[in-house]
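Asker: Sharing a structure below in structure tokens format, with a few things to ask.
Every read-out reported here was derived from the displayed coordinates using simple, explicitly stated rules and does not represent laboratory data. Here the structure is a predicted model, which is why all the values come from computation and not from measurement. Reconstructed Cβ throughout: ideal geometry from the backbone, glycine too, with neighbour counts over all protein chains shown.
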Amino acid sequence: MLLLIPGPVMTHADVRAAANRDIAPWDHAVRGEIGSLLNRLRILAGGIEGIHAALPLPGSGHFIIEAAIRTFVPPAKDQGQDAGGGILIPGSGQYAQRMMRLARAAGRRVVALDVPLDQPLDPALVDAAFTADPTLTHLGMVYSETSTGIIHGPQAVGAVVRKHGRRMILDAVSAFGALPANIAAHPEIDALVFTPNKCLEGLPGFSLCVSPIARLLERQGHADSWSFDLADLYQNGLENGHGAARFTPPIQPMAALHTALDRLDAEGGPPARLRRYQDNMATLYDGMLALGLKPCLPRALQGPIIMNVLAPESDKWDLQVFVETLKRHGVLISNFRNTDAPSMRIGAIGAIDRADIEKAVLAMGRALDELGLRR
Ligand SMILES: *Cc1c(COP(=O)(O)O)cnc(C)c1O
């Protein structure tokens, strides 16, 4: 089955094979392997030794986003002593909404910024919001909004955050490994967060962040949680060795990520991976037009990760029926939609190339024919 979903993505057989063994996570040799994995990820994020640290947390991407919010954004109740706190979150789509929910549930003050869903984030809106509310300490933004497929570049927005002396939490979950990331060029970033199972083409089970060490030391004991305290996680590394886990880590996916990073290096790093994904997406975009379907975004705004396509205009359309029919032709796409109008979401990432996308487009044509939906 060809998975064209926004994650977990298709992986290479070598990556899965690396997980096919029993591993003792507390063994000292394994601790060293985890430490070296974290160093590789810190370097991939543009982090500098002694200045930045990569930290792993068991659980999916939401777990590390929650941990970053809890660790770095001062709780609302601390406002007196902590000189105020709060996180500005541009409502760029479903994943931005999820970040808001995580922050509110953690008792952090959230200011939602109304932004158009079909445009990249305008730095001027962030500028105005920070000017209007000096008590906001953070911006939380989604780099690749997986619900719309739009890329919201952190470069220009980051400059605005720096200008105001505020901090940034960057959800790079569906960007990291393909789109540019350089934390050293973004001193405003408290946490650059991502997972192994999207553009890194690894297995799910844990999540990651790269953060400035000085901030991890400053933020000791503020998370209102032990499990989600990144400062405590860093402290544990200082006491027990970089790579030492506090609780049982998902060690097989960690081993698999080493192999996934070897494959990323062999491919030519993130720029080469981005080119493959862009080629996949261009093929997919052309294919959808050839099938008579309408992409939700103009080509110029279509990011390389995932696309939304409007469903054929027909009373016969039913997303789940289409998904099941397409599965019989060997292709699996996402079975929920993020637009008001009926649509479907198709991923272009993972260990796949143009030939796979061409096969998928043929399969979609057959499924549409079978359901009498082709014009
Ligand atoms: C996938 C994703 C997440 C995390 O989702 P999980 O299911 O928790 O791994 C967060 N943000 C974005 C933009 C994503 O694409």
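Asker: Considering only DSSP states other than H, G, I, E and B, which chymotrypsin sites (Phe, Trp or Tyr not before Pro) in region 288-345 qualify as loop sites with at most 12 other Cβ atoms within 10 Å?
Answerer: Qualifying residues, ordered by number: Phe336.
Asker: Right, next: Can you give me the angle between helix 230-240 and the longest principal axis of the chain, using Cα atoms only, in degrees from 0 to 90, rounded to the nearest 10?
Answerer: 60
Asker: Which residues' amide hydrogens lie under 5 Å from the amide hydrogen of Ala191, considering only partners 5 or more residues apart or on another chain, with H built in the peptide plane?
Answerer: Correct list: Met168, Leu170.
Asker: Where both residues lie in the chain, what percent of DSSP beta bridges are antiparallel, nearest 5?
Answerer: In the chain, DSSP labels about 50 percent of beta bridges as antiparallel.
Asker: Using DSSP to call loops (not H, G, I, E or B), can you name the trypsin sites (Lys or Arg not before Pro) in region 300-349 whose Cβ has at most 12 other Cβ atoms within 10 angstrom? Please list the in-between numbers first.
Answerer: Details: sites: Lys316, Lys327, Arg328, Arg337, Arg345; in loops: Lys316, Arg337.
Here the trypsin sites (Lys or Arg not before Pro) that fit, given the DSSP loop and packing criteria, are Lys316.
Asker: Ok, one more. To the nearest 10 degrees, how steep is helix 154-163 against the longest Cα principal axis of the chain, on a 0 to 90 scale?
Answerer: 30
Asker: Calculate the spin-label point distance for Gln220 paired with Ala156, positioning each point 7 Å from the Cα along the beta-carbon direction, and give it in nanometres.
Answerer: Modelled inter-label distance: 4.2 nm.
Asker: Please report the relative contact order for the chain, taking Cα pairs under 8 Å with a sequence separation of at least 6, and give it as a percent rounded to a whole number.
Answerer: It rounds to 23 percent for the chain.
Asker: Still on this structure, I have one more. Please list, in order, the residues from region 325-366 whose amide nitrogen is less than 13 Å from a point placed 7 Å along the Cα→Cβ vector of Arg374.
Answerer: It comes to 361-366, nothing else.
Asker: Follow-up. Counting only the backbone N, which residues of region 255-292 are under 15 Å from the spot 7 Å out from the Cα of Leu362 toward its beta-carbon?
Answerer: 287
Asker: Treating only the Cα positions of the chain as identical point scatterers, give the base-10 log of I(q)/I(0) from the Debye formula at each q in 0.06, 0.08, 0.12 Å⁻¹.
Answerer: After summing over all Cα pairs, the log10 values are -0.23, -0.41, -0.90.
Asker: Could you put Val115, Val173 in order, starting from the residue whose Cβ has the fewest other Cβ atoms within 10 Å?
Answerer: With the sparsest Cβ surroundings first, the list reads Val115, Val173.
Asker: In whole Hz and in residue order, list the ³J(HN,Hα) couplings for region 221-229 that follow from phi through the Karplus curve 6.51 cos²θ - 1.76 cosθ + 1.60, θ = phi - 60°; x for Gly and Pro.
Answerer: Residue by residue, region 221-229 yields x, 10, 7, 6, 6, 8, 4, 9, 8 Hz.
Asker: Using helices alone, what [θ] at 222 nm do you get for the chain, with -39,500 (n - 2.57) per DSSP H run of 4 or more residues, divided over all residues and rounded to the nearest 500?
Answerer: -12500 deg cm²/dmol
Asker: Which longest run of the chain has no exposed loop site in it, a site being GluC sites (Glu not before Pro) in a DSSP loop with at most 14 other beta carbons within 10 Å, and the site itself not part of the run?
Answerer: In the chain, the maximal stretch lacking such sites is 50-312.
Asker: Give a quick list of chymotrypsin sites (Phe, Trp or Tyr not before Pro) in region 188-253 that DSSP marks as loop, anything other than H, G, I, E or B, with at most 13 other Cβ atoms within 10 Å.
Answerer: The qualifying sites are Trp226, Phe247.
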